[in-house]
Amino acid sequence: MPQLHEHLMPIFEEIVRRNAGEPEFHQAAREVLESLGPVVDRPGGLVDADLIRRLCEPERQIIFRVPWVDDAGRVQVNRGFRVEFNSALGPYKGGLRFHPSVNVGIVKFLGFEQIFKNALTGLPIGGGKGGSDFDPKGKSDGEVMRFCQSFMTELYRHIGEYTDVPAGDIGVGGREIGYLFGQYKRITNRYESGVLTGKGIGWGGSLVRTESTGYGAVFFANEMLRTTGDSFDGKRVVVSGSGNVATYAIEKVHQLGGTVVAVSDSSGYVVDEKGIDLELLKEVKQVRRARINEYADERGGAAYVAGGSIWDVQADIALPAATQNELDEDGAIALIRGGVRVVSEGANMPTTPAAIRSLREAGVKFAPGKAANAGGVATSALEMQQNASRDSWSFEYTEERLEGIMRSIHDRCLETADEYGVPGDYVAGANIAGFMRVADAMLAFGVI
Ligand code: GLU
């Protein structure tokens, strides 16, 4: 593990001590702190370690009981979270994750990442995250609705278009946002469109929001390829996951002339040398909410591998788009052996620190999620803009804005990496550029 700057080591030790049993948060914080050494050392720099210490403590953390009644009439109890991490640049902004693995440490890691990601977009949004250990898998629509209504019955008092603006993440898509918005509207008696993003198109949502995280991760990878005069054309691509991010990453790769030859879910992966058939994938995963093996059953020539590692599939470009720490050192070594040249994170922190080190040592271009997957939250901010002006933009215009934002994030990462003496290091570039924008605002506000 790389050494931390002498002024940052005590901050990291304090984080570990005060947030015991939260390894994902420690991991996310350490990665940012590792990048900030040159910032602290900058002669005449205004940023001191105390500001960084302040930034590592969430402004507010809310944990609440979510009781609901299942279809059999039994009372179920889940835990709800909202970590309002930093509001220096705008209202807290970040998704809600419904997944059995959710706990306060997971929400904190996601909220922490969100601060820098949102800052990188250049748009006026702070950082936050929330969710629940509720598992939507196998639940009826009625159960999901009752859960969402109960969740919002507590959450509504903490959020608002100028306060905190949740959206989706794993397990929270259009259906859940609909139930959540409906309950918020009912409790507050206000049609406050800007309180949630990822809404349906007919009731305040933005075109391209559904596609934006996946599209954005591919736009970002495309910019990385362009630095060496390359493109997606004719490339073999592996995309892990098969949820919203993966689905629309595949769509954009195919539009740009690449071929996605493998996708996965938590049960295993499929290899389809002809290129993933997106309509069939959507039918299996979105309509039927079924397992990925059904894709292989119905698609001639495709093979299903139960368990196993999707990173064993040879690829020029890899887009980890499932969940945190899914690409470990062994996976990275397998990818390197297969000749991978670019890795762009569609998910949040899907690559372990050891895997990032291996990729970097092998000369693979690596984009961290807080830069590469910022397209989702950036389009959420565009949704907020449309809501504030009671307007709605065309698909083409919104996609153009998204592509422009991804290009400018890419360029800012590279310029910042150059400026701080680590050329080509997208991780340091993203961390420093995102941090500096937040730090400037925090300095202006004084100690609050
Ligand atoms: N959950 C997404 C993310 O990780 C989007 C958040 C949002 O749109 O607010 O960035």
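The values are calculated or read from the model by the stated rules, or taken from the named source; none is laboratory data. Predicted, not measured: the structure shown is a model, and the values here were computed from it. Counting neighbours? That spans all protein chains shown, and the Cβs are built from the backbone with ideal geometry, glycine included. Heads up: the accessible areas ignore ligands, DNA and RNA and are worked out on the full protein's heavy atoms, side chains in. Shrake-Rupley method; radii C 1.70, N 1.55, O 1.52, S 1.80 Å.
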For the chain, which whole-number percentage of the solvent-accessible area (1.4 Å probe, protein heavy atoms only) is attributable to carbon and sulfur atoms?
48 percent
Answer rounded, prolate or oblate for segment 1-81, using the Cα gyration tensor with square roots of eigenvalues a ≥ b ≥ c: rounded when a/c is under 1.5, else prolate when a/b is larger than b/c, else oblate.
prolate
For segment 308-448, what is the convex hull volume of its Cα atoms per residue in Å³?
149 Å³
Just check segment 62-159 against the gyration tensor rule for me: Cα atoms, a ≥ b ≥ c as the square roots of the eigenvalues, rounded for a/c under 1.5, and otherwise prolate or oblate depending on whether a/b exceeds b/c.
prolate
For segment 218-274, what does the equivalent ellipsoid look like in terms of its semi-axes, each the square root of 5 times an eigenvalue of the Cα gyration tensor, given largest first in whole Å?
21, 12, 9
Past 24 Å, Cα to Cα, is the threshold; run K139/K274; K252/K365; K129/K235; K137/K274; K137/K282 against it and keep the listed order.
K139/K274; K129/K235; K137/K274
From most to least accessible, 1.4 Å probe, no ligand or DNA/RNA atoms counted, K282, K93 line up as K282, K93
Starting from the amide H of W393, placed 1.01 Å from N in the peptide plane, find each other amide H under 5 Å away whose residue is 5 or more places distant or on another chain.
L207
From the C-alpha coordinates alone, can you work out the Kirkwood hydrodynamic radius of segment 151-231, in Å?
14.3 Å
Return the inverse of the average 1/r over all pairs of distinct C-alpha atoms in segment 248-390, which is the Kirkwood hydrodynamic radius, in Å to one decimal.
16.2 Å
Evaluate the charge dipole of the chain about its Cα centre and quote only its size in Debye, nearest 20, assuming +1 on the Cβ of each Lys and Arg and -1 on the Cβ of each Asp and Glu.
1120 debye
Positive-end residue, the chain charge dipole about Cα centroid, Cβ charges, pick of N78, G138, A246
N78
Just to confirm, what accessible area per residue do you get for the chain at 1.4 Å probe, in whole Å²?
39 Å²
Enumerate the whole-percent occupancy of each 10 Å bin, from 0 to the last occupied one, for all C-alpha pair distances of the chain.
4, 22, 32, 27, 12, 2, 0
